[in-house]
Amino acid sequence: LLPILNYPDPRLRTIAKPVKEVTAEIKTLIADMIETMYDAQGIGLAASQVDQHIQLIVMDLSEDKNSPRVFINPKVTPLVEDKQAYEEGCLSVPDVYDKVERPNKVRIEALDENGEKIDEEVDGLLAVCIQHEMDHLNGVIFVDYLSRLKQTRARDKVRKVIKIREKQGEQ
Ligand SMILES: O=C(O)C[C@@H](Cc1ccccc1)[C@H](O)SCc1ccccc1
Ligand SMILES: [Zn+2]
């Protein structure tokens, strides 16, 4: 399992670099990220969150958690003006959930783990998730869209959750 960086860790603000070639170690990172995402009960994970600053996202929206998707060097383009609010969470901001508005239909252009082109128009949770993960690759965290007060509360909440996890880890 890979350690997930927690907000407000400044490394989460790093801009991810494009992947030049899908090497063996990138394939290993992809497998490790998928395992880490499942263990953390996430439906998406960006490489930035595990301190690897390359343009790589893994995702699995399936019920039985057995169809992971990989997006390399993704480009997301909104297809509609209208936005939809969704109660978002983030593995880097544990136990914090709040509404974020995003375009509800987007085009995803990327490469998959075999270097094959992906070019899809998506809506619903997939559209929300890919935009949330794209933000991570650009050093943006969903709490950045919330009020200053909510950002302060989020920082305090994460601090508490980490302390509890560390205690549990010690027992
Ligand atoms: O990038 C992450 O931190 C994983 C995110 C992905 C996500 C955020 C908002 C909306 C959809 C997906 C989540 O922690 S995965 C946990 C989760 C699962 C279902 C719905 C919302 C959040
Ligand atoms: Zn996140």
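Assorted remarks:
- Along the axis of the charge dipole computed for segment 1-160 (Cβ charges of +1 for Lys and Arg, -1 for Asp and Glu, origin at the Cα centre), the listed residues Pro10, His132, Pro68 are led at the positive end by Pro10.
- Taking a point 7 Å out from the Cα of Gln52 in the direction of its Cβ, the residues of segment 19-43 whose backbone N falls within less than 13 Å of it are 19-37.
- Ignoring lysines fewer than eight residues from Lys20 along the same chain, the ones with Cα atoms less than 23 angstrom from its Cα are Lys75, Lys117.
- Carbon and sulfur %, accessible surface of segment 1-64 computed with the full protein complex present, 1.4 Å: 55 percent
- At a probe radius of 1.4 angstrom, the accessible area of the chain per residue rounds to 56 square angstrom.
- Alpha-carbon centroids, segment 1-50 and segment 127-144: separation in whole Å: 13 Å
- Phi-based couplings in Hz for segment 87-92 (Karplus 6.51, -1.76, 1.60; Gly and Pro marked x): 6, 8, x, 7, 5, 8
- Dividing the mean sequence gap of close Cα pairs (under 8 Å, 6+ apart) by how many residues the chain holds gives a relative contact order of 23 percent.
- Point-charge dipole on Cβ atoms (K/R +1, D/E -1) for the chain, about Cα centre, debye to 20: 920 debye
- Note on the chain: dipole from Cβ charges, positive end direction compared against Ser48, Ala24, Leu149; the farthest Cα belongs to Leu149.
- Added length on full extension, which subtracts the Cα-Cα distance from 0.36 nm per residue, Val19 to Glu35: 3.7 nm
- Residue-wise HN-Hα couplings along segment 117-123, as the Karplus relation 6.51 cos²θ - 1.76 cosθ + 1.60 with θ = phi - 60° gives them from phi, are 6, 10, 8, 10, 9, 10, 9 Hz; Gly and Pro carry x.
- Square roots of five times the Cα gyration tensor eigenvalues for segment 55-147, Å: 21, 16, 13
- For Gly44, residues with placed amide H under 5 Å, excluding near neighbours: Asp60
- When the solvent-accessible area of segment 102-171 is split by element, carbon and sulfur atoms take up 49 percent of it, the probe being 1.4 Å.
- When the alpha carbon gyration tensor of the chain is reduced to an equivalent ellipsoid, its three semi-axes come out at 25, 21, 14 angstrom, largest first.
- Taking chymotrypsin sites (Phe, Trp or Tyr not before Pro) across segment 68-126, the ones in a DSSP loop with at most 13 further Cβ atoms lying within 10 angstrom of their Cβ are Tyr97.
- Taking 7 Å steps out from each Cα toward its Cβ at Arg107 and Lys163 produces label points 5.0 nm apart.
- Those residues of segment 13-47 whose amide nitrogen sits under 15 Å from the label point placed on Ser62, 7 Å along Cα→Cβ: 34-35, 38, 43-44
- Under 18 Å from the Cα of Lys99 - lysines, other chains or at least 8 residues apart: Lys83, Lys150, Lys157
- Remark on segment 1-84: ratio of C-alpha radius of gyration to 2.2 N^0.38 Å is 1.15.
- Residue by residue, segment 76-86 carries 3J(HN,Hα) couplings of 10, 10, x, 10, 9, 6, 5, 10, 10, 8, 9 Hz when phi is fed to the Karplus relation 6.51 cos²θ - 1.76 cosθ + 1.60 (θ = phi - 60°); x denotes Gly or Pro.
The values are calculated or read from the model by the stated rules, or taken from the named source; none is laboratory data. The shown structure was predicted, so the numbers you read here are calculated from the model rather than taken from an experiment. Counting neighbours? That spans all protein chains shown, and the Cβs are built from the backbone with ideal geometry, glycine included. All accessible areas refer to the heavy atoms of the entire protein, side chains included, with ligands and DNA or RNA removed. Shrake-Rupley method; radii C 1.70, N 1.55, O 1.52, S 1.80 Å.
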